[in-house]
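Quick notes on the structure that follows.
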């Protein structure tokens with residue numbers, strides 16, 4: 001089932017076996033324990049074939065991938081695969097899996113230059129889809145992003161081209177099965193649910209803060225295994241520590257990120273804040289703040305950096321202990337910067353240990369796009385540092 005598309009005769013035989021098992025034996029009628037519509041979902045074969053197609057995409061250098069790409073995908077991407085003359089039954093089977101990937105895969109935005117706004121699946125909804133429009137234009141996602149002074153969504157462009165509904169991972173057999181078992185008309189008519197992943201992330205974030213601040217649960221296995229600090233601790237000799245935080249306005253969805261870099265003597269090297277644009281969840285806001293903090297570390301030429309903040313969910317995601325599709329595109333940029341910085345680590349500290357960055361995010365100048373200071377901090381920040 002994982003390599004070839006089963007024939008109609010084979011699937012009918014499997015159906016007969018299921019019917020005899022659940023509804024009767026030896027041609028005798030029995031009590032119908034399970035409704036036929038509950039088990040008559042013949043798409044698991046397609047989900048397994050999609051895993052083989054995903055293997056071609058995720059492991060392009062293995063012999064299996066090289067063979068099929070040389071024979072059927074010359075100069076094309078996997079999702080562009082089509083039927084051809086004299087094709088093998090194996091390739092014909094894989095095409096069924098590719099169709100599943102087309103329904104369930106979406107682009108990670110990145111710079112957005114190769115993603116078509118109204119034709120490619122890039123919106124983080126379930127199932128993924130392009131933006132809705134009545135316009136006939138060849139717009140790319142990069143046209144919705146501004147790079148001055150740093151990269152973020154352009155609110156004017158979003159309002160001009162995207163409707164309100166549109167503004168608001170790795171393949172597994174389970175995910176492919178969920179997509180494949182629905183008819184195309186269901187996928188089209190099903191209302192998008194873009195807030196589900198964000199809501200789950202926000203709940204986990206809230207629980208994380210609750211557990212880290214509550215004395216009654218401070219000795220739980222989750223907390224003890226993570227070794228969270230309850231207050232700010234100086235980095236070791238030769239290292240710098242960058243604390244950061246995000247101020248997220250639930251009414252306007254605006255994000256402001258802040259960071260502060262200190263050495264082993266508690267001396268602040270650099271601190272600043274920036275308006276980061278729009279976000280649809282607190283987790284995305286925290287991730288945006290981490291990205292701008294890392295960008296400033298890179299600009300400043302610093303190395304041997306410890307990035308520390310009070311979002312346990314994000315720390316575990318960065319350290320590959322958790323996965324979250326809602327921040328995958330930002331994580332790609334974070335990983336790229338991480339590879340450029342030498343000896344970079346990401347640690348978790350309880351809320352009390354991140355007070356400096358927290359205060360900068362909420363009390364820094366709100367009318368500036370960007371502020372960065374290498375001199376002594378302002379009077380309103382000094383007490384927190386001391």
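The values are calculated or read from the model by the stated rules, or taken from the named source; none is laboratory data. None of these values were measured; they are calculated from a predicted model. For neighbour counting, all protein chains shown are included, and Cβ atoms are generated from backbone atoms with ideal geometry for every residue, glycine included.
Data for the structure
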| quantity | calculated |
| --- | --- |
| Residue 251 being part of a loop (DSSP other than H, G, I, E, B), in contact with a helix residue (DSSP H, G or I) (Cβ under 6 Å, 6 or more places away or on another chain) and outside the structural domain of residue 153 (by TED's automatic domain parsing) | no |
| Residue match in the stretch 8-15 (condition: closer than 30 Å to residue 117 by Cβ and either out of contact with any helix residue (DSSP H, G or I) (no Cβ under 9 Å at 6 or more places or on another chain) or at pLDDT 80 or above (or both)) | no |
| Matching entry among 236, 245 (being over 22 Å from residue 380 (Cβ atoms) and either modelled with pLDDT of 80 or more or touching a helix residue (DSSP H, G or I) at 6+ places or on another chain (Cβ under 6 Å) (or both)) | 236 |
| Matching entry among 329, 352, 296 (being assigned to a helix (DSSP H, G or I), modelled with pLDDT under 85 and surrounded by 14 or more Cβ atoms within 10 Å (Cβ to Cβ)) | 329 |
| Matching option when the condition is at pLDDT below 90, touching a helix residue (DSSP H, G or I) at 6+ places or on another chain (Cβ under 6 Å) and in the same structural domain as residue 377 (by TED's automatic domain parsing), among 312, 286 | 312 |
